[in-house]
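The values are calculated or read from the model by the stated rules, or taken from the named source; none is laboratory data. Quick caveat: nothing in here was measured; it's all calculated off a predicted structure. All Cβ positions, glycine included, derive from the backbone under ideal geometry; neighbour counts span all protein chains shown. Each accessible area value is taken on the protein alone, full model and side chains, heavy atoms only, with ligands, DNA and RNA left out. Shrake-Rupley method; radii C 1.70, N 1.55, O 1.52, S 1.80 Å.
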Amino acid sequence: MSIAKPIPQHVAIIMDGNGRWAKQRGKERTEGHIAGVETIRTTLRAAMRHGVRYVTFYAFSTENWGRPEAEVNALMELLCKSVISETPDLKKQGVQVRTIGDRSRFSEKVQFYLNQIEHETAEGDRLTMVLALNYSSRDELRRAVQRMAHKVATGELKADEIDEQLISQSLDTAFMPDPDLVIRTSGEQRLSNFLMWQASYAEFYFPEVLWPDFTEEEFARALEVYASRDRRYGLVK
Ligand code: IPE
Ligand code: IPE
Ligand code: MG
């Protein structure tokens, strides 16, 4: 009797190691980010092949604004360029693009392209690709708490009504299930302010490979590791 291998519904990825990848090759860090975009493409393909429904990519953290201005600018340019060039193909493949994070801090141009790709791909029903942009867990929680506090102040919400479900529904991620698997490339083993509430019961996987070198095989390997884990949720067998 064969038992179906459990496939994560939602895989969240901390794409790390672009800078080191570039440095190893004597290139500018930006070159690493450019190479990393190609990895997003291949990872999406692999995810679709395996039947994963949601893939979240940590693309720019609230802390990343502190990087050198030239790198931040290059990342913004790359974001706009990629959104423009990838939209037709994503649409064709049935990928719906969403974002999490506070978009209001981005330039009007970046916001325009993000609105555009969300609008253009809204009908996609094969896989949802979520870009975490100007995202951090603490900032997301701060914004959610502020909104709830306002509702309490206006009498729209009672303090006692704030339960775990309402908190989840108040986060940027309200439209999707919690991640089942969190992958961070490049060997670093930390969350860096990513999906702290949502990843409470996620499985974690930390391959050594740098993000631009992450392949479809690496993705398949991550799913195998996931399938071998015993998710107990605090219970006993
Ligand atoms: C991840 O790669 C991409 C972003 C954070 C935008 P890094 O740029 O952090 O690469 P390393 O960690 O310096 O190698
Ligand atoms: C986390 O990577 C953020 C993204 C992948 C967008 P960083 O490279 O910025 O995180 P730290 O500095 O190693 O914690
Ligand atoms: Mg890094």
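Take the residues of the stretch 2-21 that are more than 13 Å from ligand 2 (Cβ to nearest atom) and in contact (Cβ under 8 Å) with a residue 60 or more places away in the chain: which is surrounded by the most Cβ atoms within 10 Å (Cβ to Cβ)?
By that ranking, first place goes to 11.
Can you pull out the helices (runs of 4 or more DSSP H) entirely within the stretch 104-189 that have at least 2 residues that are more than 16 Å from ligand 2 (Cβ to nearest atom), within 21 Å of residue 41 (Cα to Cα) and of a type in the set (S, T, N, Q)?
Result: 108-120.
Please pick out the residue among 217, 164, 208 that is more than 16 Å from ligand 3 (Cβ to nearest atom), open to solvent by 50 Å² or more (accessible area, probe 1.4 Å) and more than 19 Å from residue 9 (Cα to Cα).
On inspection, the qualifying residue turns out to be 164.
Return the residues of the stretch 190-237 that are β-branched (Val, Ile, Thr) and not in a loop (DSSP other than H, G, I, E, B); say none if nothing qualifies.
Within the stretch 190-237, just 225 meets the criteria.
So which residues in the stretch 45-81 are outside any helix (DSSP H, G or I), open to solvent by less than 80 Å² (accessible area, probe 1.4 Å) and more than 11 Å from ligand 1 (Cβ to nearest atom), if there are any at all?
Residues satisfying the conditions are 51, 52, 54, 55, 56.
Residues in the stretch 22-44 that are small (Gly, Ala, Ser) and open to solvent by 30 Å² or more (accessible area, probe 1.4 Å): how many?
Result for the stretch 22-44: 1.
Scan the stretch 82-95 for residues that are more than 20 Å from residue 36 (Cβ to Cβ) and part of a helix (DSSP H, G or I) and jot them down.
88, 91, 92
Are any residues in the stretch 47-81 under 30 Å from residue 7 (Cβ atoms) and in contact with a His (Cβ under 9 Å, 6 or more places away or on another chain), and if so, which ones?
Those that are under 30 Å from residue 7 (Cβ atoms) and in contact with a His (Cβ under 9 Å, 6 or more places away or on another chain): 52, 53, 54, 55, 56.
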